[in-house]
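The values are calculated or read from the model by the stated rules, or taken from the named source; none is laboratory data. Because the structure is predicted, anything quoted here is derived from the model rather than measured. Cβ: placed from backbone, ideal geometry, glycine included. Neighbour counts: every protein chain shown. Accessible surface areas use protein heavy atoms only, side chains included; no ligands, DNA or RNA. Shrake-Rupley method; radii C 1.70, N 1.55, O 1.52, S 1.80 Å.
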Amino acid sequence: MAAQNLQSVPAEPAANQAQAQAAQQEADAAGQAHFDRVIAEDSRIEPKDWMPAAYRKTLLRQVSQHGHSEIIGMQPEANWISRAPSLKRKSILMAKVQDEAGHGLYLYSAAETLGQSRDKMMDDLIAGKARYSSIFNYPALTWADMGAIGWLVDGAAICNQVPLCRASYGPYGRAMVRICKEESFHQRQGFEILLELSNGTAAQKQMAQDAVNRWYAPALMMFGPPDDDSPNSKQSMAWNIKRFSNDELRSRFVGMMVEQVRVLGLTLPDDQVRYNEDTKKWEHGPLDWHEFQEVLAGRGPCNAQRLERRREAHDDGAWVREAAAAYAAKQLNKQKEYAA
Amino acid sequence: MSPHGNPEAPASGAAEINREAPKASPVVESREVSTSSTSDGRPVSTSSTTDGRPVSASSTTAHDRSAWGLWEVFVRSSRGLSHVHAGSLHAPDAAMALRNARDLYTRRNEGVSIWVVPADAIAASDPDSKGSFFESPQGKDYRHATYYTKSEGVKHL
Amino acid sequence: MSTPQTNTETTHTEGHGDISTGMAAPMGGGDSSASATRITPGNALRPEDIALEVRTGLAKPTEDVAEYALRLGDDALILAQRLGHWISRAPELEEDIALGNIALDQLGHARSFLTYAGAAMTNDDGTPKSEDDLAYFRREHEFRSVQLFEQPNGDFAATIARQFVVSYYQFELYRRLTESTDATLAAIAAKAVKEVDYHRDHSAQWILRLAGGTDESRKRMIHGLRTMWPYVGELFRDDDLTARLAEAGAAVAPSSLKEDFDRLTGEVLEEAELEVPDVPVAPGGGREGRHSEHLGYLLAEMQVLAREHPGASW
């Protein structure tokens, strides 16, 4: 790129190494000062800006994990596309799972601006080296799970994501704006599924309650470990990547669910939910963080299945991607021959 | 990737990143040896094949042969407005990039026209030269109508 | 003409609701009108609009037209069911989305055609059959789709081969149906033809790339076309129903589409340096309810939940 060429200094071997090091330190100091100022002003960091190594690393981890979660998160719902019980629900579900592919794609794009290729991220994911939201390692066993996933899982995701629209890293924030706009229907369609079931036959209502019972705790755990056990949170908040702590968001989410579950005519499987007048916060019963860690470590009900499915799609598609790349190269050669 | 933060001084890991992220598009670029850069603008010297994909040991693996280039997508939301950057995507060539953009970025009626540009065809200004590049216009109030106060109150001016 | 109003008037009666997230704009909104994320539902004929017309008695097909709509609806439904499987399994994320769009288009057409067809058919309680009555509570031999649509996805090349045949066939069909004397058929076709036009382009682009990509992809593309081609003939077969409807101007004789189909697909195949597959033609029979072995499994999966809860609402 022109702008880059103008100022990339030709490397003088060895001789001026000390001098180069000093110049580097000076540049780093200036970069840090600029970065600090941007963060203090609550402005945005853009891809070409200087940023601390740890900031880049944290973001890359968070954004790629977020992308992986969207991609793996397609599976439990795709599992029901073929069996959706009405054509309207089938359309909605298809559009929703398709959206998730798009969201994964937006997020991978944001991560790519940090210097990581999608290919590398995909490789890490299918090699089991990358993490994604542990909730997608639970099975979607009944149709009501489509409702519970939309209402609880997407609901929790939206709580998390709306503040992320203001994340200090520009491409991440912009991806989240698009995602939040598109997801506005995801939670509503889930709520509607549950409402229909709850107002339906006894068997349907039972199906809905069972799904809420199974997805409630994993959804609460989507906000991440309690603040005391979340060592990275503080730094992320200082960098304006995170805007609210895990517990704050979780409490806010519980408050919303309490209201909404009444409209559904269902109950939350937690008899310790209450509003604490002193702290002005919603409280909930204990969560099984041991299970959370187990699932995160790969020992959840569907971890192996989810990764295998992704690996299979990726491997089965290799010849197609290769063919399209080869075709493009051939076309280019033809163009060049024609021009010559 | 041993992230180091300074976009102007690539660490050794940067070349590796570039190799894994072929940004070049076959359609626009054709070069033998060139300076390419990662998407965050760090210059990385690398030799490339004619289709712009860097030559390296790994370029012979299936992994690299099948990777599609990165494209930036611009969408015009309705007639009379500018195209606005919507995001990026991967595609093997311009024709597919346009179609992928249509499927991805306009499935809720967001647009009436789409541009796609190979990500590496975009030359960007240098963030570190903000001062010399962008501060000169400051203080040149005389370029703005508000500078001329004596004519205030005069109609149609 | 009973339906044209559907495009504008009824769209708002069962609205799509508010799509805004109620979220504050990110900082530095700038020229807010030049947005790449402004989303709208748009105005177009929806299955719900046709259902409303059916309920209010505005749309009532003749028995022949209903049977014909059932055929086209079944074609689109079975294909949508097949394509839906690709979502989360496509060769690249971009293609998950492309195939998802095509599946959604087909499902939309299916719902419109089936809803319209159902208006001339009654349940035991006297109510007109809904799209779901038709999709979920008919048995295999009652489906009227031709056998091409139920062919398994196979690999990506087989799916593209099926898409190629289907989209070029449907485009020629819908293009002509926009002039149907039956206003509802014409309206559904008018919405569908634009979408199917894009499906043609999608499949043609991939035919070119797979045929002209690598040795492996070329081999697979040729194989994919060979597996689908035995079922092409059935698409263009006339029978008493289509003869009567063509006579009345409500539909077109399937055989009349063949010339354009052969010419246009031939052009693409030629550009891709492929031959029209020379394979024996299968007898078909889908329009009379004779299907391949594949349809039973497809329906078993599609209908299982709805049939577990007959009469339930979802």
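Per-structure values
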read-out: Potential extension, A:Arg243-A:Lys129 segment - 0.36 nm per residue separation minus Cα distance; value: 38.3 nm
read-out: The protein assembly as shown - convex hull of alpha carbons, volume per residue in Å³; value: 215
read-out: Interface burial for A against B (accessible surface, 1.4 Å probe, total of both chains, Å², rounded to 100); value: 4300
read-out: Within the accessible area of the stretch A:41-88 (1.4 Å probe), percent carbon and sulfur; value: 49
read-out: Theoretical gain in end-to-end length, B:Lys140 to B:His85 [0.36 nm per residue, Cα-Cα removed]; value: 16.8 nm
read-out: Sparsely packed GluC sites (Glu not before Pro) within the stretch B:63-143, loop by DSSP, other Cβ within 10 Å at most 15; value: B:Glu135
read-out: Partner lysines for C:Lys60 [C-alpha distance under 28 Å; skip if fewer than 8 residues away on the same chain]; value: A:Lys88, A:Lys90, C:Lys129, C:Lys191, C:Lys194
read-out: Segments A:226-233, A:213-220 sorted - mean Cβ within 10 Å per residue, highest first; value: A:213-220, A:226-233
read-out: Most mobile listed residue (C:Glu94, C:Glu271, C:Glu234) in chain C, GNM with C-alpha springs under 10 Å; value: C:Glu94
read-out: Percent accessible area from carbon and sulfur atoms, chain C, protein chains only, probe 1.4 Å; value: 50
read-out: Cβ neighbours within 10 Å from other chains - mean over C:100-107; value: 5
read-out: Per-residue [θ]222 nm for chain C (sum of -39500 (n - 2.57) over DSSP H runs n ≥ 4, rounded to 500); value: -18000 deg cm²/dmol
read-out: Using a Förster distance of 22 Å, the FRET efficiency for C:Asn153-C:Glu216 (Cβ separation, nearest 0.05); value: 0.75
read-out: Of A:Ala29, A:Ala127, A:Ala208, the one that fluctuates the most in a GNM where chain A has Cα springs shorter than 10 Å; value: A:Ala29
read-out: Solvent-accessible area per residue, Å², over the stretch B:64-157 with all protein chains present [probe radius 1.4 Å]; value: 57
read-out: Alpha carbon convex hull of chain A, volume per residue in cubic angstrom; value: 195
read-out: Percentage, to the nearest whole number, of Cα pairs in the stretch A:38-154 over 22 Å apart; value: 43
read-out: Angle in degrees between helix A:246-264 and the longest Cα principal axis of chain A, rounded to the nearest 10; value: 40
read-out: Ordering of B:78-85, A:132-139, C:292-299, A:52-59 by burial proxy (mean other Cβ atoms within 10 Å per residue, highest first); value: A:132-139, A:52-59, C:292-299, B:78-85
read-out: On Cα atoms only, tilt of A:53-78 relative to the major axis of chain A in degrees; value: 40
read-out: With every protein chain in place, the stretch A:114-270: carbon and sulfur % of accessible area (1.4 Å); value: 54
read-out: Share of alpha-carbon pairs per 10 Å distance bin for the stretch A:88-243, given as whole %; value: 10, 33, 37, 16, 4, 0
read-out: Within straight-line cross-link reach of A:Lys281, aspartates and glutamates at Cα separation under 12 Å, skipping those fewer than 8 residues along the same chain; value: A:Asp247, A:Glu248
read-out: Reachable lysines, given that their alpha-carbon falls under 21 Å from the alpha-carbon of A:Lys330 and they are not under 8 places away in the same chain; value: B:Lys23, C:Lys219
read-out: Cβ-derived FRET efficiency at R0 22 Å, A:Ala53 paired with A:Ala29, nearest 0.05; value: 0.95
read-out: Theoretical ellipticity at 222 nm over chain A - DSSP helices of four or more residues, -39500 (n - 2.57) apiece, nearest 500; value: -22500 deg cm²/dmol
read-out: Rough spin-label spacing in nm, given labels placed 7 Å along Cα→Cβ, for C:Asp278 and C:Asp262; value: 1.6
